[in-house]
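The values are calculated or read from the model by the stated rules, or taken from the named source; none is laboratory data. Predicted, not measured: the structure shown is a model, and the values here were computed from it. We place every Cβ from the backbone using ideal geometry, glycine too, and count neighbours over all the protein chains shown.
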Ligand code: SF4
């Protein structure tokens, strides 16, 4: 029988950072990656730590009661953790919300092999690409990037509204070789069909790692603003649209 409860660890309104307009953002628990810089480590593990279980109909009712708040093209965004870890429930809630005409978005690490089956239920996709190289990506996040790349390619090729986000982590993905890899991947896509946002490393999650008694291993990863500007210029020169949300 289909389980249609979602396990969430955080929710709240956010303006324009997780999709257009004012959005109600649900953080679903559990992630299949283990990025050492994760700012929500409390959401990585599905089964431990604080969480709330809510049904699809409860979320639908809550969202419908918030419709007046969805100004400037807002709506609902599902993020995590990694929202697709709870795939069946996510699909059910998206289907329910689309049935009510709600604007929907997902922020995803892009690893789900079933992601494309959600495209028609999503108005906006925010998809992370953390490193272009398969071996480096797997070594640091624990997961291959090949499905991520094919999901981005599929979403862009279908003309979906796609924002690709790259977290700039010094010592991991800001060197010339890595950026050439990003550029080469993006150049193979239709440039008019997606946007890229470069997000500078921050340590907002560091204290959370400590509270969870988990070692925070990232060091010297801050990225200069001039580095971000240079990388944005490289993208623009390649005809790729960059944004800052
Ligand atoms: S994919 Fe996102 S939620 Fe998952 S570990 Fe990495 S940063 Fe954290």
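Values as computed for the structure displayed
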item: Subset of the range 164-176 (residues that are out of contact with any strand residue (DSSP E or B) (no Cβ under 8 Å at 6 or more places or on another chain) and in contact (Cβ under 8 Å) with a residue 12 or more places away in the chain); result: 169, 170, 171, 172
item: Subset of the range 41-63 [touching a strand residue (DSSP E or B) at 6+ places or on another chain (Cβ under 8 Å) and outside any helix (DSSP H, G or I)]; result: 46, 49, 50, 51, 52, 53, 54, 55
item: Where a residue in the range 187-200 is closer than 10 Å to residue 235 by Cβ and its partner, wherever it lies, is buried (at least 17 other Cβ atoms within 10 Å of the Cβ) and modelled with pLDDT under 95, with Cβ under 6 Å and at least six apart; result: none
item: Test: residue in the range 138-151 that is away from the ligand (no atom under 16 Å from the Cβ), more than 19 Å from residue 11 (Cβ to Cβ) and in a helix (DSSP H, G or I); result: yes
item: Residues of the range 201-245 that turn out to be farther than 21 Å from residue 40 by Cα and without any contact (Cβ under 8 Å) to a residue 24 or more places away in the chain, as a count; result: 7
item: Hits in the range 1-40 (condition: free of Cβ contacts under 8 Å to residues at least 60 places away in the same chain and not in a strand (DSSP E or B)); result: 1, 29, 30
item: Number of the condition not met by residue 152 [criteria: (1) over 28 Å from residue 23 (Cβ atoms); (2) touching a helix residue (DSSP H, G or I) at 6+ places or on another chain (Cβ under 9 Å); (3) touching a residue at least 12 places away in the same chain (Cβ under 8 Å)]; result: (1)
item: Output for the range 70-100, where each listed residue is part of a loop (DSSP other than H, G, I, E, B) and either away from the ligand (no atom under 16 Å from the Cβ) or surrounded by fewer than 22 Cβ atoms within 10 Å (Cβ to Cβ) (or both); result: 70, 71, 72, 73, 74, 100
item: Filter result for residue 228 (surrounded by 15 or more Cβ atoms within 10 Å (Cβ to Cβ), at pLDDT 95 or above and farther than 30 Å from residue 118 by Cβ); result: yes
item: Among the residues listed as 103, 18, the single one being under 21 Å from residue 152 (Cα atoms), crowded, with 19+ Cβ neighbours inside 10 Å and more than 16 Å from the ligand (Cβ to nearest atom); result: 103
